[in-house]
Amino acid sequence: MLLKIRHALLEITNQPNANAKQSAVIINNETIITSAGILQSYVRPMLPIVADENVCASTRIIRTLQQCKLIDVQSVDNDESRFLLFLNFQIMFDHRKLPQASMQCVHTGRVDNILKRYRAKLLYIFSSEEISRNFHKLSNGNSLSEDTGHKEVLLTSFLILSTQPEKLNSRESFQRSLEHIVHYLRYQYSVRALDDVLIMYTPFGMENFYKTVSIGKVSNVLRHSNSSLFVLSNILPRFSEGSAVFNNKLRLIGLIVCTSFQYNQKSIDMTLVANFAYLLRDFMQQLGIKITSFTLPREPSSHFAWERFLVIVEAAGKQGSGTFVKVQNKKFILTCSHVVFQVSSKVLCRNMHGAFESEVLWRNPHYGAAFDVALLSIPQNIPDRHCVRLAQTKPYLGQRIYNAGFPYFVNFNLKYDFNPSIFQGRVIRFTPALIMSDGCVQAGQSGGAMFNERGNLMGICVSNIKVDETVYPNFNSAVPVISIRSILEDYAQTNDIRKLNILVANQDVQKLWSLANSSISKL
């Protein structure tokens, strides 16, 4: 049976001013799946959530979801179900194609509205154990949202609704409907970094933006053991949660969990997606329906072997990124000066094969200025294939680039995990002092690589653009490799560390780096 998967907009109409509108996926015009984040304005438990029987329905709902237990809303013999059934859900989607007659609106001035509104009944709420466990590992014990507790639980929980509950009035009919969806999963593939994706959503929950399409890339597949969560390069607005994510074959591969984090009092814009296969598997297991076990292992990107070039750098309790390079016959690690602190000091590094100690060979003492560069020693056993080639041509406006490194919020434990992120973008400005791109860069990616399409090192990521205390992760600067390549070659050829002192930029380069206003001549 061929599934009809459509985008929809779900609304809770009990409180019109609660902004309770959210994107959703509707399958075969009857089964609706979306994020439980839409309930944040309604399910508000008394905190802390304690194991006490005399608590409100909201507290019971959150406690049940924390334990990854299914809430059957159709069972009205408990406070949770009665509370949830009080909510009025309406679903809006383009059920029918636009008739040809309506095209006459160009001449008549009358527009036929093809977005139809239907009542929807909430059937189940569930929390995926796999997705929830990996989501909370990201925080390393810290909250990823403005409020601790219930919001994070709802972000990793999901709603199942129906526009035709009378057709699913028996467990057997609902199970048959689910089995058709499970058959769809037979054609699923592993999600890999740099895979193309298409997101269909309704920004801000506004009908005028219904079925907006955004094209992007997978930036990270979290955890090596599976691909239950992955990150997109797209930065999407609020109320995009619950939106469908499709692969390049237009097959549904995920639902958006959240589009931003609050971490250590900093706002981090990032689109996190729950893998649809794991989501559905956990739901059916909680229903008691047998499903063939499956794993979708994390696989390396087929674009180019960028992961083996990268290094996590930890110095004085702070984390940055670095890149293995080979210039002539000399190997070293390129990173940012502000990631390390003192020449000849030792820093802890890790690549995909394990941890090692590295010595700071040289660093620019003016780390807040142009050419924010440092060189670290490299173990003798690092093979040549793990060293990236330096780009030999100047960047040009519009050139596609890939910013890679280790955003600190993704809890990269040096003992157990190695999982870099990569974000596609384009060059939006180039001078001898800096490359500016619109590819996302987050804290922790300092010193990481900016690759070109051939996988050559084109820049060293330094910082985001900050204006009036606002940080813009999609506007960032990097040290151009083409500007420092000859200096690195002189050092490699002579083994004279003093050659690197030329990397302390002159006044003209410093002015370009600082984005100082150009002088304007009078007419």
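The values are calculated or read from the model by the stated rules, or taken from the named source; none is laboratory data. Just so it is clear, the model here is predicted, and its values are computed rather than measured. Cβ sites come from the backbone with ideal geometry, for glycine too, and all protein chains shown count toward neighbours. These area figures cover heavy atoms from the full protein model, side chains too; ligands, DNA and RNA do not enter into them. Shrake-Rupley method; radii C 1.70, N 1.55, O 1.52, S 1.80 Å.
Can you name the number of the only condition in (1) modelled with pLDDT under 80; (2) touching an Asp or Glu at 6+ places or on another chain (Cβ under 6 Å) that Ser228 fails?
The failed condition is (1).
If you take the residues of segment 65-78 that are buried (at least 16 other Cβ atoms within 10 Å of the Cβ) and among the hydrophobic types (A, V, I, L, M, F, W, C), which of them is farthest from Leu159 (Cα to Cα)?
Cys68
Being out of contact with any Pro (no Cβ under 9 Å at 6 or more places or on another chain) and open to solvent by less than 10 Å² (accessible area, probe 1.4 Å) is the filter here, so list the residues in segment 393-406 that pass it.
Tyr402, Asn403
Condition check ((1) open to solvent by 30 Å² or more (accessible area, probe 1.4 Å); (2) part of a strand (DSSP E or B)) across all residues:
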| position | (1), (2) |
| --- | --- |
| Gly216 | no, yes |
| Asn220 | no, yes |
| Phe230 | no, yes |
| Pro237 | yes, no |
| Ser240 | no, no |
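Just the residues that are open to solvent by 70 Å² or more (accessible area, probe 1.4 Å) and either modelled with pLDDT of 90 or more or assigned to a strand (DSSP E or B) (or both), please, taken from segment 349-369.
Glu357
Out of Ser293, Ser302, I need the residue that is under 30 Å from Phe174 (Cα atoms), at pLDDT below 90 and surrounded by fewer than 14 Cβ atoms within 10 Å (Cβ to Cβ). Which one?
One residue alone meets the criteria, Ser293.
Which of (1) closer than 30 Å to Thr271 by Cα; (2) out of contact with any helix residue (DSSP H, G or I) (no Cβ under 7 Å at 6 or more places or on another chain); (3) at pLDDT 90 or above; (4) not aliphatic (A, V, I, L, M) does His386 not meet, given it meets every other one?
(2)
The rows are residues; the columns are (1) modelled with pLDDT of 90 or more; (2) under 30 Å from His150 (Cβ atoms); (3) open to solvent by less than 50 Å² (accessible area, probe 1.4 Å).
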site	(1), (2), (3)
Arg63	no, yes, yes
Ser81	no, yes, yes
Gln104	no, no, no
Thr108	no, no, no
Tyr124	yes, yes, yes
Ser128	no, yes, yes
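Yes or no: segment 463-481 includes at least one residue that is more than 14 Å from Val373 (Cα to Cα), open to solvent by less than 20 Å² (accessible area, probe 1.4 Å), among the polar types (S, T, N, Q) and at pLDDT below 95.
yes
Going by what's in this entry, would Arg119 be described as more than 33 Å from the chain's Cα centre (by Cα) and at pLDDT 75 or above?
When the stated conditions are applied, Arg119 does not pass them.
Would you pick out the residues in segment 421-462 that are touching a residue at least 60 places away in the same chain (Cβ under 8 Å), hydrophobic (A, V, I, L, M, F, W, C) and in contact with a Lys or Arg (Cβ under 9 Å, 6 or more places away or on another chain)?
The answer is Ile422, Phe423, Ala433, Ala443, Leu457.
May I ask you to list the residues in segment 370-392 that are open to solvent by 20 Å² or more (accessible area, probe 1.4 Å) and either of a type in the set (A, V, I, L, M, F, W, C) or touching a residue at least 12 places away in the same chain (Cβ under 8 Å) (or both)? Spell out how you get there, then give the answer.
Pass one, segment 370-392, residues open to solvent by 20 Å² or more (accessible area, probe 1.4 Å): 377-381, 383-385, 389, 392.
Residues satisfying the conditions are Ser377, Ile378, Pro379, Asp384, Arg385, Arg389, Gln392.
Quick check, is Phe332 crowded, with 20+ Cβ neighbours inside 10 Å, over 15 Å from Ala404 (Cα atoms), at pLDDT 95 or above and of a type outside the set (A, V, I, L, M)?
Yes: the conditions hold for Phe332.
Any residue in segment 59-80 that's touching a residue at least 24 places away in the same chain (Cβ under 8 Å) and at positive phi: show its pairings with residues that are surrounded by 19 or more Cβ atoms within 10 Å (Cβ to Cβ) and polar (S, T, N, Q) at Cβ separation under 7 Å, as long as the two are six or more apart or on different chains.
Partner pairs satisfying both residue conditions: Cys68/Ser127; Cys68/Ser132.
Would you confirm whether or not segment 482-493 contains a residue that is modelled with pLDDT under 95 and touching a Cys at 6+ places or on another chain (Cβ under 8 Å)?
Taking every residue of segment 482-493 in turn, none turns out to be modelled with pLDDT under 95 and touching a Cys at 6+ places or on another chain (Cβ under 8 Å).
Would you please name the residue that is most open to solvent (accessible area, probe 1.4 Å), looking only at residues in segment 444-457 that are assigned to a loop (DSSP other than H, G, I, E, B) and out of contact with any Pro (no Cβ under 7 Å at 6 or more places or on another chain)?
Only one residue fits best here, namely Arg454.
Of all residues in segment 83-101, how many are touching a Leu at 6+ places or on another chain (Cβ under 8 Å) and either open to solvent by less than 40 Å² (accessible area, probe 1.4 Å) or at pLDDT below 85 (or both)?
Total satisfying the criteria: 7.
So, of the residues in segment 242-264 that are surrounded by fewer than 21 Cβ atoms within 10 Å (Cβ to Cβ) and part of a loop (DSSP other than H, G, I, E, B), which turns out to be modelled with the lowest pLDDT?
Looking at the filtered set, the residue picked out is Asn264.
What's the total number of residues in segment 203-226 that are in contact with a helix residue (DSSP H, G or I) (Cβ under 8 Å, 6 or more places away or on another chain), in contact (Cβ under 8 Å) with a residue 12 or more places away in the chain and more than 16 Å from Cys258 (Cβ to Cβ)?
Residues flagged as in contact with a helix residue (DSSP H, G or I) (Cβ under 8 Å, 6 or more places away or on another chain), in contact (Cβ under 8 Å) with a residue 12 or more places away in the chain and more than 16 Å from Cys258 (Cβ to Cβ) within segment 203-226 amount to 3.
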